[in-house]
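Taking it in order: structure first as structure tokens, then the write-up.
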Amino acid sequence: MKKFYQIQEEEIEKAILFCPIVDEREKEYQFAEISRLCTSAGMRVEKIFSQKMDAFNRRTVMGTGKLEEVKQYLKENPCDCLVVDFQLTGSQLRNLSEELGVKVLDRILLIIDIFAVNAKSSEGKIEVKLAQNRYLLTRLASLQGSQGRFGGKGAGMRGPGETKLELDRRKLEKEILTLEKEIEKIKNSRKQNKILRDKNNIKSVVLGGYTNAGKSSIFNLLTKETVYADDKLFATLDTTSRRLFLGEGENCLLTDTVGFISKLPHELVESFSSTLEEVSNADLILHVVDVSDVYYKKNIEITNEILDGLGATDNRIVVLNKSDLLDRMVEIEKNQVLFSIKKKDNVDKLKKIIKDALQ
């Protein structure tokens, strides 16, 4: 059995969060999402600070009054890290770290770190390393000035395969070129595979959707495989494909891939272009949604925006997963189907829906 990296109790870091609020209606969703990201990265959230912002402080993002409030809290309640739910520049990372005396992570570095921990395949590790290196290269001059706080270990400091982050410009630039060449090889290999699939008339079905919606569990149920599935964000990072028999001699290629999240960092979209091509080239998208999540409609909206941005097919079925956990009535719209892996008869029903959608 494969061994997966697990956050040990002694590794859990105490973190405080800062959320710039642009839209008050999105505040609770924003708090819930960034908190879950922190938990997935092995951090315990001690307190959430927020500030309604029409304009951002160029030096520290948060206003001077809020900065003093955070500083005072840290004096009375020492923590390991500040996580800012925003894309920070290198100088903003440095300024906040120097003002507060703690490690500072922004939203992008936090997500990349979670990807680094969960990358298992060589392709996944290449893509994560490329995203990390591109992120670091654009912020290197500022980060080197505060290397004492930026370096070290813990969330944000981990490379794929538990390697350390590289902070040497020449090495970064050289490694980026090497990684980009590797990505091109992977892309070419995928193109050849698609040509073969098309030649043999094998349809491609991709499980897509917001992270932790249960895509891998559905994949395992349909294909009788055992890909890694866990109740945390981005537990599945690597792409896995298996043939799915639909009955009467018909079959398709079913692919489980990385989950989505709001404000998906550009660095990740660029670096994971090879993996995301699987989504773009699919004949059918099974858009998996955790319908028990109170924010499930928002998650559907986010996923649709990302799928549209990737140029994915409009041939989509929304699988309202985890219906056994529902404690309320939900409205079932066109091209939506209730599903639960607890109900085994759902498998044949879903296979028939897939088969009909591929006609």
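Summary table below
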{"read-out": "Every residue from the stretch 245-279 that is more than 12 Å from ILE111 (Cα to Cα), in contact with a Phe, Trp or Tyr (Cβ under 8 Å, 6 or more places away or on another chain) and modelled with pLDDT under 80", "value": "VAL258"}
{"read-out": "ILE16, sole failed condition from (1) at pLDDT below 95; (2) buried (at least 16 other Cβ atoms within 10 Å of the Cβ); (3) not in a helix (DSSP H, G or I)", "value": "(1)"}
{"read-out": "Qualifying residues in the stretch 93-111 (those that are without any contact (Cβ under 8 Å) to a residue 40 or more places away in the chain and farther than 18 Å from ALA131 by Cβ) - the one surrounded by the fewest Cβ atoms within 10 Å (Cβ to Cβ)", "value": "GLU99"}
{"read-out": "Any hit, the stretch 49-58, residues being of a type in the set (Lys, Arg), surrounded by fewer than 17 Cβ atoms within 10 Å (Cβ to Cβ) and not in a helix (DSSP H, G or I)", "value": "yes"}
{"read-out": "Filter pass, ARG25 being out of contact with any helix residue (DSSP H, G or I) (no Cβ under 6 Å at 6 or more places or on another chain) and within 28 Å of TYR296 (Cβ to Cβ)", "value": "yes"}
{"read-out": "Tabulated pairs, the stretch 309-331, first closer than 20 Å to GLU277 by Cα, second among the acidic types (Asp, Glu) and buried (at least 16 other Cβ atoms within 10 Å of the Cβ), C-beta under 9 angstrom, 6+ apart or interchain", "value": "LEU310/GLU277; THR313/ASP283; ASN315/ASP283"}
{"read-out": "Candidate set: the stretch 112-122, residues that are farther than 18 Å from VAL45 by Cβ and touching a Lys or Arg at 6+ places or on another chain (Cβ under 8 Å); chosen: the one surrounded by the most Cβ atoms within 10 Å (Cβ to Cβ)", "value": "ALA116"}
{"read-out": "Residue satisfying all of: in the stretch 241-290; buried (at least 20 other Cβ atoms within 10 Å of the Cβ) and of a type in the set (Gly, Ala, Ser); nearest to ASN200 (Cα to Cα) among these", "value": "ALA282"}
{"read-out": "Residue ranges of helices (runs of 4 or more DSSP H) in the stretch 81-175 with at least 1 members acidic (Asp, Glu), closer than 19 Å to PRO265 by Cβ and at pLDDT below 90", "value": "107-118, 122-137"}
{"read-out": "Test for ILE353: is it touching a strand residue (DSSP E or B) at 6+ places or on another chain (Cβ under 7 Å), touching a residue at least 40 places away in the same chain (Cβ under 8 Å) and on the phi < 0 side of the Ramachandran plot", "value": "no"}
{"read-out": "Hits in the stretch 309-323 - residues which are of a type outside the set (S, T, N, Q) and either touching a strand residue (DSSP E or B) at 6+ places or on another chain (Cβ under 8 Å) or more than 21 Å from LYS352 (Cα to Cα) (or both)", "value": "GLY309, LEU310, GLY311, ALA312, ARG316, ILE317, VAL318, VAL319, LEU320, LYS322"}
{"read-out": "Some residue of the stretch 285-308 being in contact with a Phe, Trp or Tyr (Cβ under 6 Å, 6 or more places away or on another chain) and within 17 Å of ILE354 (Cβ to Cβ)", "value": "yes"}
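The values are calculated or read from the model by the stated rules, or taken from the named source; none is laboratory data. Keep in mind it's a predicted model, so treat the numbers as computed, not measured. Here the Cβ is made from the backbone with ideal geometry for all residues, glycine too, and neighbour counts use every protein chain on show.
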